[in-house]
């Protein structure tokens with residue numbers, strides 16, 4: 001099993017210039033028939049919050065697991081502890097876009 005991170009430009013740079021980072025846990029061999037599972041954390045969490053479940057899922061079910069550090073959360077909010085969150089300003093619309101953008105980025109790889 002491989003664990004790594006990817007960082008990519010945010011799609012909505014007009015209002016948010018920071019890049020998005022995602023934690024990836026993947027089987028050693030990746031083929032075109034592999035599936036993917038997107039893990040999302042809560043407002044007080046970070047991309048490592050579900051790593052134990054990602055490790056289990058990637059190995060047991062042969063999936064590529066993705067956990068996104070979406071805007072205004074985790075290490076974006078508190079760069080030292082990876083905790084806390086801003087008040088959601090848009091009912092999580094942009095945060096969902098960030099998570100789906102991470103899925104698209106990984107699938108393109």
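The values are calculated or read from the model by the stated rules, or taken from the named source; none is laboratory data. Computed from a predicted structure; not experimentally measured. Note: ideal-geometry Cβ built from the backbone for every residue, glycine included; neighbour counts use all protein chains shown.
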For this session: Answer yes or no as to whether residue 40 is under 17 Å from residue 98 (Cβ atoms) and surrounded by 20 or more Cβ atoms within 10 Å (Cβ to Cβ).
Result: no
Seminar exercise, completed: If we keep only residues of the stretch 75-109 that are in contact (Cβ under 8 Å) with a residue 24 or more places away in the chain and more than 24 Å from residue 36 (Cβ to Cβ), then the residue surrounded by the most Cβ atoms within 10 Å (Cβ to Cβ) is 85
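Conditions (1) at pLDDT 80 or above; (2) closer than 16 Å to residue 108 by Cβ, marked per residue:
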{"position": "4", "(1), (2)": "yes, yes"}
{"position": "26", "(1), (2)": "yes, yes"}
{"position": "31", "(1), (2)": "no, yes"}
{"position": "38", "(1), (2)": "yes, yes"}
{"position": "43", "(1), (2)": "no, no"}
{"position": "50", "(1), (2)": "yes, no"}
Exercise. Out of all the residues in the stretch 20-37, which are outside any strand (DSSP E or B) and either surrounded by 14 or more Cβ atoms within 10 Å (Cβ to Cβ) or in contact with a helix residue (DSSP H, G or I) (Cβ under 8 Å, 6 or more places away or on another chain) (or both)?
Worked result: 27, 34
For this session: Using the structure shown, decide if residue 15 is surrounded by 13 or more Cβ atoms within 10 Å (Cβ to Cβ) and either modelled with pLDDT of 95 or more or under 15 Å from residue 101 (Cβ atoms) (or both).
Result: no
Exercise. Out of all the residues in the stretch 52-74, which are crowded, with 16+ Cβ neighbours inside 10 Å and assigned to a helix (DSSP H, G or I)?
Worked result: 54, 57, 58, 74
